[in-house]
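Before any comments, here is the structure.
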Amino acid sequence: EAGVVQSPRYKIIEKKQPVAFWCNPISGHNTLYWYRQNLGQGPELLIRYENEEAVDDSQLPKDRFSAERLKGVDSTLKIQPAELGDSAVYLCASSLGGDTQYFGPGTRLTVL
Amino acid sequence: AQSVTQPDIHITVSEGASLELRCNYSYGATPYLFWYVQSPGQGLQLLLKYFSGDTLVQGIKGFEAEFKRSQSSFNLRKPSVHWSDAAEYFCAVGAAAGNKLTFGGGTRVLVKP
């Protein structure tokens, strides 16, 4: 069974540029999560989807971050414009019916 | 609000020696507790989880953890460490398995030959 797929694995951009990350969850998993992991810290939840609906986006900086999961399967997280402080690893996870979360390899973003 | 503390930022252990990683949590009700491992450049892999029942939980790769409600702890143990266990370990707590997870800051484990 394929795990959570994320792309790209690495991204380097200049500040003020836009960037997007893509996540394909484990087949059949209805819940999808985006976490941000700053260097030397544990991941922090940005947004959680139940199917197409964002049920917890309280930690998503909505002035520059947006996310979508239009068909309840894959998801895109966007930052526009990026700032230096956005450099981090962005992790996607999925779960089935509220069970254990399984994580993808992450996208490492560097903002110069 | 839920929180997790991992008091040890780094631990160095000799190969073959035992390992114990500490985790203390703060949560008002019965927590869902997890240990994940992260190798360099990789995502998080689930080692084990505790939802209810037996407070001693067995996981993958020979790891186990014990839930102690009175101490608000969920420490991870392995009796004999292998060089491949060098990684960063994260303890996490959630209100339910599918809800938001709150992670500790992680403990980086170095294994000496």
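The values are calculated or read from the model by the stated rules, or taken from the named source; none is laboratory data. Predicted model only: the values in this text are computed from it and were never measured. Note that each Cβ is placed from the backbone with ideal geometry, even for glycine, and that neighbours are counted across all protein chains shown. Keep in mind that these areas ignore ligands, DNA and RNA; they rest on the heavy atoms of the full protein, side chains included. Shrake-Rupley method; radii C 1.70, N 1.55, O 1.52, S 1.80 Å.
Just one of the numbered conditions (1) open to solvent by 30 Å² or more (accessible area, probe 1.4 Å); (2) in contact with a strand residue (DSSP E or B) (Cβ under 8 Å, 6 or more places away or on another chain); (3) assigned to a loop (DSSP other than H, G, I, E, B) is not true of A:D63: (2). For A:T100, the stated conditions do not hold, so it cannot be described as of a type in the set (V, I, T), more than 9 Å from chain B (Cβ to nearest Cβ) and within 24 Å of B:A87 (Cα to Cα). Take A:G42 and decide whether it is assigned to a loop (DSSP other than H, G, I, E, B), free of Cβ contacts under 8 Å to residues at least 24 places away in the same chain, open to solvent by less than 40 Å² (accessible area, probe 1.4 Å) and of a type outside the set (S, T, N, Q). Yes.
Screening the candidates A:R36, A:R48 for the property of being without any contact (Cβ under 8 Å) to a residue 60 or more places away in the chain, facing chain B (nearest Cβ under 10 Å), of a type in the set (K, R) and buried (at least 20 other Cβ atoms within 10 Å of the Cβ) yields one hit, A:R48. Strands (runs of 3 or more DSSP E) fully within the range B:1-47 that include at least 2 residues being more than 9 Å from chain A (Cβ to nearest Cβ) and under 14 Å from B:A86 (Cβ atoms): B:10-14, B:19-21. For the criterion of being under 30 Å from B:S3 (Cβ atoms), hydroxyl-bearing (S, T, Y) and touching a Pro at 6+ places or on another chain (Cβ under 7 Å), A:Y49 fails. The set of residues in the range B:49-66 being in contact (Cβ under 8 Å) with a residue 24 or more places away in the chain and not charged (D, E, K, R) consists of B:Y50, B:F51, B:G59, B:F63, B:A65. Provide a single number: the residues in the range A:51-60 that are surrounded by 15 or more Cβ atoms within 10 Å (Cβ to Cβ) and in a loop (DSSP other than H, G, I, E, B). Residues in the range A:51-60 being surrounded by 15 or more Cβ atoms within 10 Å (Cβ to Cβ) and in a loop (DSSP other than H, G, I, E, B): 3 in total.
The residues in the range B:89-98 that are crowded, with 20+ Cβ neighbours inside 10 Å and either out of contact with any Gly (no Cβ under 6 Å at 6 or more places or on another chain) or of a type in the set (A, V, I, L, M, F, W, C) (or both) can be counted, and the count is 6. Among the residues of the range A:66-83, those identified as open to solvent by less than 60 Å² (accessible area, probe 1.4 Å) and in a strand (DSSP E or B) are A:S66, A:A67, A:S75, A:T76, A:L77, A:I79.
Of all residues in the range A:92-110, those satisfying the criterion of being open to solvent by less than 10 Å² (accessible area, probe 1.4 Å), in a strand (DSSP E or B) and closer than 24 Å to A:K16 by Cβ are A:T107, A:L109. Looking only at the range B:70-113, residues that are among the aliphatic types (A, V, I, L, M), over 15 Å from B:Y36 (Cβ atoms) and more than 14 Å from every other protein chain (Cβ to nearest Cβ) come to 4 in all.
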